[in-house]
Amino acid sequence: KMKIDVRGLSCPEPVLMVMDAMDEAPGEELVILSDAAHTRDNLVKLAQTEGRKVSVKENGKNYEIVIS
């Protein structure tokens, strides 16, 4: 599992970070922490575009996005 914390970052930085992680570790499960709904939505779209499974858990004001 690779953890990526994108809280406080503005798009497109979180998406670029996750794309880099997908390239560096293909097939590895990614756990992304985000504090913005639009970032969550963009990461869900990215995962779907890449043909990966994605799930989202809401934890207070944060989101945990798991891409597998």
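The values are calculated or read from the model by the stated rules, or taken from the named source; none is laboratory data. Bear in mind that the values here come from a model prediction, so they are computed numbers and not experimental data. Cβ: placed from backbone, ideal geometry, glycine included. Neighbour counts: every protein chain shown. Quick note on the areas: whole protein, heavy atoms, side chains included, nothing else; ligands and nucleic acids left out. Shrake-Rupley method; radii C 1.70, N 1.55, O 1.52, S 1.80 Å.
With all protein chains kept in place, the per residue accessible area of the chain amounts to 61 square angstrom at a probe of 1.4 angstrom. In straight-distance terms, cross-link reach from K61 covers every one of the lysines whose alpha-carbon lies under 22 Å from its own, apart from those fewer than eight places away in the same chain; here that gives K3, K45.
Checking (1) 11.5; (2) 13.4; (3) 13.9 against Kirkwood radius over Cα pairs in Å calculated from these atoms, the matching label is (1). Tell me the angle of helix 37-49 to the major Cα principal axis of the chain, expressed in degrees between 0 and 90 and rounded to the nearest ten. Rounded to the nearest ten degrees, it is 20. For T49 and L33, the difference between the fully extended length at 0.36 nm per residue and the C-alpha to C-alpha distance is 3.8 nm. Averaged over residues, the count of other Cβ atoms within 10 Å places the peptides 18-24, 29-35 in the sequence 29-35, 18-24, highest first. Apolar share of the accessible surface for the chain: 48 percent from carbon plus sulfur atoms, 1.4 Å probe.
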